Amino acid sequence: MAKSRNLWILIILMTIGGLAGSALGQILSPAFPFLANFVDVGLQPGVLNLLFLTVTFGFTLAIGPLTLLGFLLGYLVYRRL
């Protein structure tokens, strides 16, 4: 049980770090254009149609320099806990 809770804490901290890094990158990109370089990583949407149920699968991550820094800081905070 403690291991799964630790995994959730790691996921939450890295998500917060990534969101903060992305927001900071968007704010600072007019002054520093290299911060606007984002790479899209993910799976394109795929649709499963069962006639009575339609399910769409897929996700995309837009990763920039400060997003990576936010992920790293989230991980480092997790290690300090």
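The values are calculated or read from the model by the stated rules, or taken from the named source; none is laboratory data. Keep in mind that what you see is a predicted model, and the values were worked out from it rather than measured. Counting neighbours? That spans all protein chains shown, and the Cβs are built from the backbone with ideal geometry, glycine included.
Return the only residue of Leu19, Leu24, Leu43, Leu13 being out of contact with any Pro (no Cβ under 8 Å at 6 or more places or on another chain) and loosely packed, with under 11 Cβ neighbours inside 10 Å.
Leu43
Conditions (1) at pLDDT 90 or above; (2) not β-branched (Val, Ile, Thr), marked per residue:
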| site | (1), (2) |
| --- | --- |
| Ile11 | yes, no |
| Gly21 | yes, yes |
| Leu24 | yes, yes |
| Leu35 | no, yes |
| Asp40 | no, yes |
| Gly46 | yes, yes |
| Asn49 | yes, yes |
| Thr54 | yes, no |
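Tally up the residues in region 31-61 that are among the aliphatic types (A, V, I, L, M) and on the phi > 0 side of the Ramachandran plot, please.
Number of matching residues: 1.
Just checking, does region 28-41 include any residue being within 15 Å of the chain's Cα centre (by Cα) and of a type in the set (Gly, Ala, Ser)?
No, because not a single residue in region 28-41 is within 15 Å of the chain's Cα centre (by Cα) and of a type in the set (Gly, Ala, Ser).
Do you know which of the residues in region 17-44 that are touching a Ser or Thr at 6+ places or on another chain (Cβ under 8 Å) and in a helix (DSSP H, G or I) is farthest from Val77 (Cα to Cα)?
Looking at residues that are touching a Ser or Thr at 6+ places or on another chain (Cβ under 8 Å) and in a helix (DSSP H, G or I), I get Ala36.
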